[in-house]
Each structure stands twice: as C-alpha cells, then as structure tokens.
C-alpha cells in the first residue's frame, strides 16, 4: 500500500496550539502597550519645556517669584524681563511690553518656588500626571 503525504492529526493539533499561543500573546501585549503610553503622555512635553527655558542662548535668570504662580525672569542676552504664568490650560511666557509665547499645554496647575537659589517648577497636567524638577535658572 502506498502512503499518502499529508499532516497527521497530532501535527495539526500542535500547529493549532502554537498558533493559538501566538494569537493570545499578541492580544495581551497591545493593551499593556497602550496603558503604558497613557501613563507618561506628558513626560516628554515637560522635559522639552524645561530644556526650552534653560537654553544657554537665552540665558534666563531668576528675577522674582510671586505667590508661586507668577514668575519673573530676565534675559541677559536680550536685556529684557519676562513673566511666566498659567493662563487657561497653558503656561505662557510673555514680555513686559506684550506678546506671548505658549510653552506648555494641558496644564491643571503650576507652582514655582526657589530651591537653593534655583527655580523649581511643579506642573500637574489635566490627566493627573505631575512632574517637578529644579532648573538651572538661578538668581544672577
């Protein structure tokens, strides 16, 4: 009798089991990846905000902090004074003579304080994330 070529029932069951494990793994990884991305959605925004205000080309220095909500900084390079504060859901930088520059969006609250003669910034975003860091901006 001539033997026909094909898969046996055991080979088929093993192949279906492996395929099922692969499908199960893929469906479990995707929700984990999404939940991780939503936990730290504003981390990059906050650190880009810090990097932007600490740029050596702007050379900001700390002038004064009013009530933790209003910050006055100056720029040696441009010989100007600026205000930084929360307006609506944004942190903006504005010149004393007008104009404004939005720095950070989706902000619930901000608190400025002095830590060892340097500016410390605490930002709480609308989704509940909170970030705090001490910047290189200091008094002259």
Of all residues in the range 98-115, how many are within 25 Å of residue 126 (Cβ to Cβ) and either at pLDDT 90 or above or not assigned by TED's automatic domain parsing to the domain that holds residue 133 (or both)? 12
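The rows are residues; the columns are (1) closer than 15 Å to residue 120 by Cβ; (2) crowded, with 16+ Cβ neighbours inside 10 Å; (3) modelled with pLDDT under 90; (4) not assigned by TED's automatic domain parsing to the domain that holds residue 117.
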| residue | (1), (2), (3), (4) |
| --- | --- |
| 75 | no, no, yes, no |
| 79 | no, no, yes, no |
| 84 | yes, yes, no, no |
| 87 | no, no, no, no |
| 91 | yes, yes, no, no |
| 96 | no, no, yes, no |
Within the range 53-61, is even one residue loosely packed, with under 10 Cβ neighbours inside 10 Å, modelled with pLDDT of 90 or more and either out of contact with any strand residue (DSSP E or B) (no Cβ under 7 Å at 6 or more places or on another chain) or at positive phi (or both)? no
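The values are calculated or read from the model by the stated rules, or taken from the named source; none is laboratory data. Please read all numbers here as calculations on a predicted model, not as lab measurements. When we count neighbours, we look across all protein chains shown, and the Cβ atoms used for this are built from the backbone with ideal geometry, even at glycine.
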